[in-house]
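K.L.:
Quick one: the structure is below, questions incoming.
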2 protein chains.
Amino acid sequence: VDALASRVSGFAGRVWKIGADDPRRVLHGLKVGFALALVSVFYYTRPLYDGVGGAAMWAVMTVVVVFEYTVGGCVYKGFNRATATVSAGAVALGVHWVASKSSDMFEPVTAAATFSRFIPTVKTRFDYGVTIFILTYSLVAVSGYRVDALVAMAQQRISTIAIGIFICLAVCLLAFPVWAGQELHRLTARNMDKLAGSVEACVEGYFAEAPDDKRQSAAPLASATNTKAEGYKCVLNSKASEDSQANLARWEPAHGRFAFRHPYGQYKNVGAAMRHCAYCVEALSGCIRSAEAQTPEPVKRYLANSCMRVATRCSAVLREASSSITAMTAPRSLDFTVAEMNTAVQELQSEVRELPSKVAEEESAQLMDAVQLF
Amino acid sequence: VDALASRVSGFAGRVWKIGADDPRRVLHGLKVGFALALVSVFYYTRPLYDGVGGAAMWAVMTVVVVFEYTVGGCVYKGFNRATATVSAGAVALGVHWVASKSSDMFEPVTAAATFSRFIPTVKTRFDYGVTIFILTYSLVAVSGYRVDALVAMAQQRISTIAIGIFICLAVCLLAFPVWAGQELHRLTARNMDKLAGSVEACVEGYFAEAPDDKRQSAAPLASATNTKAEGYKCVLNSKASEDSQANLARWEPAHGRFAFRHPYGQYKNVGAAMRHCAYCVEALSGCIRSAEAQTPEPVKRYLANSCMRVATRCSAVLREASSSITAMTAPRSLDFTVAEMNTAVQELQSEVRELPSKVAEEESAQLMDAVQLF
């Protein structure tokens, strides 16, 4: 029983944390509940309400299926649902009218629509629409023979769906909207900051290693550095969420400082560049972990300064880019910071080139010291 | 008009290629059409058919929404739809019965269910189920007052959905099934092969560079090497598809050589390790591209052999692992191949350590040659 109780409380704690980390998630739940309550009120007060089979069902269904976390998702689904319902109804009625019965065209149309979901463009923009197209087409094709009854029913159905979509969009847009574009923007800036932090922490952690006696006291500090150094891992797998957010953001109307044709595609490019950088950090930290025992101390000491300088300059470039993204202004001194970084890189390269002779010198000096001791 | 025609033909070509690359996609479209035709036949021949509003609608809707490309996806959606419908109906009727009207509990239940989608476990396994739960709960809650009518309707609804799910599963399982587990398995083995190819091609391409006069004739060969060298890029972004396939594969019954509790979770670990390797290849090829002009020719010549040996041995290890995955047998000589690779790495390391003195020797020898010329 104790084990069960601790598991339940552990689960409750995790759930609470999910809500506490981002209260907008709780808010989203309340918004969905509110939208559904709104639909049900709308239909309770109307005389055309006649049980679950009636029109209310379609409005409820639309709200449940269309309401998404971000405004972009909501618009995407709403638009897809509306256009797909209308176009599938039109096609089905057309086929019906031409062929007087549509069962001959049933299989080819649904098969073609299903196949179209494998086309990348359709997949990213109209996947949901194709589902609804197949659904509506099948329903109309299965439904029967008389076209005039179908037309009347279609009108009612479409108006109900329109009400559902309207309520969704209104609640989603007016009550604490979550914009996919803004999320994407913040994610990009945050990832860039994390990358800067981990470039710095990774190199610092390697060179700033205290001698053995001091290491114990530095443990808490080291773990903080470690968390910072692992920041790049968020960047490694960010492609999926970036892509989906960029796709949804396209559907959003202009809001705040995000204008109508905000270049959301560019975020993907920036993300790809950041991932490229994160791959390098990953490879670098892999090298550091495996090579730690092998690098001779004098070499490490000799290169420490210039390596640290390169890391600091590199993260300065990333931080400046990130803050210019956050502020949505053109970076002022980025050229200068990049030039500084390049200088640091060249210094490091020349030091590496001189390394063999330096090491030899130092070794002979040490030998001399040792000789003098005698 | 010409531009339009070429665009249309280009699009048609791309669509054709999607189908030709994997004919199972076309087959999937036909399967969906067939399942829908089956449902409609089933309802055409039954007297309870009464237009779109009737029971047929729920069966059609179930088939459209539940039918997925892989068997795992189909089972996942079918199971979720069935359990969510039943449980949401039970909860709604329970609330209805206790409170005599459920509108007080409407908002909290839907809000809580929506919020639960943010919990990772629920998200990966029951996301679709939660949608259906909210939908069914809202429909029942909105639908009215008399419990006895509700129960009768619920029975009919559930039997219809069951028929829909049964038809889906039958068609999906019996006609050319696509198993998510098998896809995952093949993807893993293929990615490993690609990785092996690109490790080899990347190092070979760097060292096997012909002198300028031969380079022209080697261009087609070089582009083939390039495609091979870029193989690792598939591995970089494979996380999302691996995760989703592993999640779906869990729902699949035992099939072929995939037993009941096949360790699909392990594929994720293998995938993570492969991505780690791909990050290193990416960093390496980045270095090669930028450093090409800088490495002095003698150093390159001196290290070529041992570098090539490391690359060959490394890709041999990967190839052997991949073929043992494909054959689903324990690798026989993998330990030996790994030991060979480690030897090659140690040789390379010792050569790198001796590099400075060797280069100095060679330079002085060249100088001597030059002197002798005079």
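K.L.:
Taking the stretch A:54-94 as the search range and keeping residues that are more than 27 Å from the chain's Cα centre (by Cα) and buried (at least 23 other Cβ atoms within 10 Å of the Cβ), which one is farthest from the other protein chains (Cβ to nearest Cβ)?
P.N.:
Once the filter is applied, the top-ranked residue is A:THR85.
K.L.:
Mind checking which residues of the stretch B:9-35 are free of Cβ contacts under 8 Å to residues at least 60 places away in the same chain and touching an Asp or Glu at 6+ places or on another chain (Cβ under 8 Å)?
P.N.:
Passing the criteria: B:LEU30, B:GLY33.
K.L.:
Being within 30 Å of the chain's Cα centre (by Cα), over 30 Å from A:GLN266 (Cβ atoms) and at pLDDT 85 or above is true for just one of A:ALA196, A:ALA170, A:ALA222, A:ALA180. Which residue is that?
P.N.:
A:ALA170
K.L.:
A further question follows. Quick one: in the stretch A:105-121, of everything that is out of contact with any Gly (no Cβ under 9 Å at 6 or more places or on another chain) and at pLDDT 75 or above, which residue is nearest to B:ALA37 (Cα to Cα)?
P.N.:
The residue in question is A:ILE119.
K.L.:
Give me the pairs: first residue in the stretch B:235-256 and within 30 Å of B:GLU282 (Cα to Cα) and without any contact (Cβ under 8 Å) to a residue 60 or more places away in the chain, second residue crowded, with 17+ Cβ neighbours inside 10 Å and of a type in the set (Ser, Thr, Tyr), beta-carbon distance under 8 Å, and six or more apart or on different chains, which are they?
P.N.:
Within 8 Å, the pairs are B:LEU236/A:TYR279; B:LEU236/B:TYR279; B:GLU242/B:THR188; B:GLU242/B:TYR267.
K.L.:
Can you pull out every residue in the stretch B:262-302 that is at pLDDT below 80 and away from chain A (no Cβ under 12 Å)?
P.N.:
Hits for the stretch B:262-302 are B:ILE288, B:GLU292, B:ALA293, B:GLU297, B:PRO298, B:LYS300, B:ARG301, B:TYR302.
K.L.:
Return yes when A:SER100 is modelled with pLDDT under 75 and either over 29 Å from the mean Cα position of the chain (by Cα) or surrounded by 16 or more Cβ atoms within 10 Å (Cβ to Cβ) (or both) and no when it is not.
P.N.:
Taking the combined requirement at face value, the residue satisfies it.
K.L.:
Pick from the stretch A:230-254 the residues that are crowded, with 18+ Cβ neighbours inside 10 Å and among the aliphatic types (A, V, I, L, M): which of them is nearest to the other protein chains (Cβ to nearest Cβ)?
P.N.:
In this case the residue turns out to be A:LEU236.
K.L.:
Here is a further query. Which residues, taken from the stretch B:284-315, are among the small types (Gly, Ala, Ser) and surrounded by 19 or more Cβ atoms within 10 Å (Cβ to Cβ)?
P.N.:
B:SER285, B:ALA311, B:SER315
K.L.:
I would also like to ask the following. So, in the stretch A:103-141, of the ones that are in a helix (DSSP H, G or I) and charged (D, E, K, R), which residue ends up nearest to the other protein chains (Cβ to nearest Cβ)?
P.N.:
By that ranking, first place goes to A:GLU107.
The values are calculated or read from the model by the stated rules, or taken from the named source; none is laboratory data. Note that this is a predicted model, so its numbers are computed, not measured. No Cβ is skipped: glycine too gets one built from the backbone with ideal geometry, and neighbour counts run over all protein chains shown.
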